Amino acid sequence: MKRVFIAITLMVSIGLWAESTPVIRNNLPQWMVPLREAVYEQRLTANQVRPLYETAKTAAQSNLSGAALDAALSRCEYFMGRALHYENRTSEANVHYTEGMRLAESALAASPSAEAWVIRAENLSQRCAIGPWTFTVANGLDVERFARNALTLNRRNAAAQILIAARWVYAPAPFNNINRGITMMRAILEEGDVGKDDLFNVYFGIGWGYAQLGQRNHAEARTWFLLAQGIYPTNKSVAEQLQKL
């Protein structure tokens with residue numbers, strides 16, 4: 001009887017976990033996926049990522065036109081910028097983020113969409129991370145504004161929700177509110193349509209938040225970092241955070 005009870009308990013626990021795990025949506029065209037995966041897996045150098053970037057741009061130009069093309073090309077610039085940024089090649093990354101912003105603005109001028117607003121905000125967010133501080137101060141608040149514009153067009157856009165929550169998790173004191181940020185990140189798991197990268201970013205953001213709250217929260221941080229690592233096992237940023245705990 002005891003074994004039956006344990007078995008039932010395990011089944012219920014697994015069922016509850018499965019129910020609480022968001023469905024990962026395919027939020028990118030298939031020809032963009034290899035570029036995204038390379039950037040998040042972090043197994044390739046930026047120079048090795050570049051051919052995937054060029055291939056994605058060529059595919060975008062073959063499959064899309066107008067505002068949709070500009071938005072897709074903006075995302076290509078964002079991903080290439082991220083690959084360079086991780087290697088601290090910030091001047092090169094800055095070129096891609098700046099071009100990504102220009103392309104997103106072109107898309108928005110032609111036909112406003114949630115995707116165009118999001119990629120405009122994402123490129124700007126990374127550009128602000130590079131600085132200088134004068135640029136960051138002058139433009140930082142636009143990241144949230146652009147993300148909210150995306151949510152007016154698609155309230156379940158997880159990437160836009162992440163950008164808004166990230167301000168509270170990642171900003172330095174006294175401009176952060178980590179508990180608020182964690183709560184907002186966790187809400188995305190129920191209120192957002194998450195892609196694979198979105199889910200990784202939510203898990204990583206929650207882990208980061210708990211890590212900043214002090215040693216007594218490190219076990220909780222580790223749990224969320226391990227969830228992020230489960231999505232991209234070779235991601236070096238996660239490995240670095242786990243090593244610090």
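With closer than 17 Å to Asn201 by Cβ and of a type in the set (Val, Ile, Thr) as the only criterion, which of Val95, Val49, Val118, Val137 stands out? Even if it seems obvious, please write down each step before you answer.
On the way: Val95 fails: closer than 17 Å to Asn201 by Cβ; Val49 fails: closer than 17 Å to Asn201 by Cβ; Val137 fails: closer than 17 Å to Asn201 by Cβ.
The conditions single out Val118.
Tell me which of these Ala221 doesn't satisfy, since it passes every other one: (1) surrounded by 20 or more Cβ atoms within 10 Å (Cβ to Cβ); (2) within 18 Å of Ser125 (Cβ to Cβ); (3) not polar (S, T, N, Q).
Condition not satisfied by Ala221: (2).
Given the criterion outside any helix (DSSP H, G or I) and surrounded by 13 or more Cβ atoms within 10 Å (Cβ to Cβ), identify the matching residue among Leu35, Leu44, Leu52.
Leu44
Do any helices (runs of 4 or more DSSP H) lying entirely in the stretch 118-233 carry at least 3 residues that are on the phi > 0 side of the Ramachandran plot, and which ones are they?
In the stretch 118-233, no matching helices (runs of 4 or more DSSP H) lie anywhere.
Which of the residues spanning the stretch 14-46 are of a type in the set (Asp, Glu) and either touching a Ser or Thr at 6+ places or on another chain (Cβ under 7 Å) or modelled with pLDDT of 95 or more (or both)?
Keep residues of the stretch 14-46 that are of a type in the set (Asp, Glu), which gives 19, 37, 41.
Residues satisfying the conditions are Glu37, Glu41.
Every residue, every condition in (1) closer than 22 Å to Ala71 by Cβ; (2) at pLDDT below 95; (3) surrounded by 24 or more Cβ atoms within 10 Å (Cβ to Cβ), yes or no:
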{"residue": "Gly100", "(1), (2), (3)": "yes, no, yes"}
{"residue": "Ser111", "(1), (2), (3)": "yes, no, no"}
{"residue": "Trp117", "(1), (2), (3)": "yes, no, yes"}
{"residue": "Val169", "(1), (2), (3)": "no, no, yes"}
{"residue": "Gly181", "(1), (2), (3)": "no, no, no"}
{"residue": "Met184", "(1), (2), (3)": "no, no, no"}
{"residue": "Leu189", "(1), (2), (3)": "no, no, no"}
{"residue": "Asp197", "(1), (2), (3)": "yes, no, no"}
{"residue": "Ala211", "(1), (2), (3)": "no, no, no"}
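Does at least one position in the stretch 179-190 carry a residue that is acidic (Asp, Glu), more than 16 Å from the chain's Cα centre (by Cα) and farther than 20 Å from Gln126 by Cβ?
Taking the stretch 179-190 and keeping what is acidic (Asp, Glu), we get 190.
After this cut, where a residue has to be more than 16 Å from the chain's Cα centre (by Cα) as well, the list is 190.
Keeping just the survivors that are farther than 20 Å from Gln126 by Cβ gives 190.
The answer is yes; a qualifying residue exists.
Answer with yes or no whether Phe135 is aromatic (Phe, Trp, Tyr), within 17 Å of the chain's Cα centre (by Cα) and assigned by TED's automatic domain parsing to the domain that holds Tyr97. Steps first, answer last, please.
Working: aromatic (Phe, Trp, Tyr): yes; within 17 Å of the chain's Cα centre (by Cα): no; assigned by TED's automatic domain parsing to the domain that holds Tyr97: yes.
No, not satisfied.
The values are calculated or read from the model by the stated rules, or taken from the named source; none is laboratory data. Please read these numbers as outputs of a predicted model, since none were measured by experiment. So basically every Cβ, Gly included, is an ideal-geometry build from the backbone, and we count neighbours across all protein chains shown.
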